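Heads up: the structure comes next, in structure tokens.
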Amino acid sequence: MPPVTVRRVGVDPRFVQAVGSNRREFRRTPANKSALMRLASGERLPCRIVDISAGGAGIEVADGIAIPDQFKLLIPDDLFEAECEVRHLSGTSAGLIFTSNRMEALAAYG
């Protein structure tokens with residue numbers, strides 16, 4: 001019986017991320033834009049875009065405004081709107097992922 005050769009398969013370091021590292025598909029750009037959250041009820045609530053990319057945005061709202069899990073984000077100055085979902089929430093801040101209009105977001109913010 002011929003000897004068995006054991007070969008270890010290494011992990012390509014280009015694809016390894018440190019724990020807690022940024023796993024976003026697109027790099028976010030700092031922003032300071034007025035926007036609106038349009039709820040399923042049609043109600044519009046003000047928010048501010050703090051960073052944005054082709055894949056999503058970071059927003060802040062005033063104290064007392066609840067951020068729903070899903071809504072349409074409207075950015076009037078950019079003539080942009082997209083359905084989005086909250087990926088993380090911390091007090092009056094949230095990280096969003098765009099679930100519609102991804103091509104428009106890529107063109108505008110990518």
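The values are calculated or read from the model by the stated rules, or taken from the named source; none is laboratory data. Remember, it's a predicted structure, so these values are computed and weren't measured experimentally. Here Cβ is always computed from backbone atoms with ideal geometry, including for glycine, and neighbour counts include all displayed protein chains. Only protein heavy atoms, including side chains, enter the accessible area calculation; ligands, DNA and RNA are left aside. Shrake-Rupley method; radii C 1.70, N 1.55, O 1.52, S 1.80 Å.
Structural remarks
- Within the stretch 66-110, considering residues that are in contact (Cβ under 8 Å) with a residue 40 or more places away in the chain and aromatic (Phe, Trp, Tyr), the one nearest to residue 51 (Cα to Cα): 109
- Residue check, residue 35 over 14 Å from residue 100 (Cβ atoms) and part of a strand (DSSP E or B): yes
- When each of 87, 48 is tested for being closer than 17 Å to residue 33 by Cα and either open to solvent by 80 Å² or more (accessible area, probe 1.4 Å) or in a loop (DSSP other than H, G, I, E, B) (or both), the lone residue that passes is 48.
- Among the residues here, residue 67 qualifies as open to solvent by less than 50 Å² (accessible area, probe 1.4 Å) and more than 12 Å from the chain's Cα centre (by Cα).
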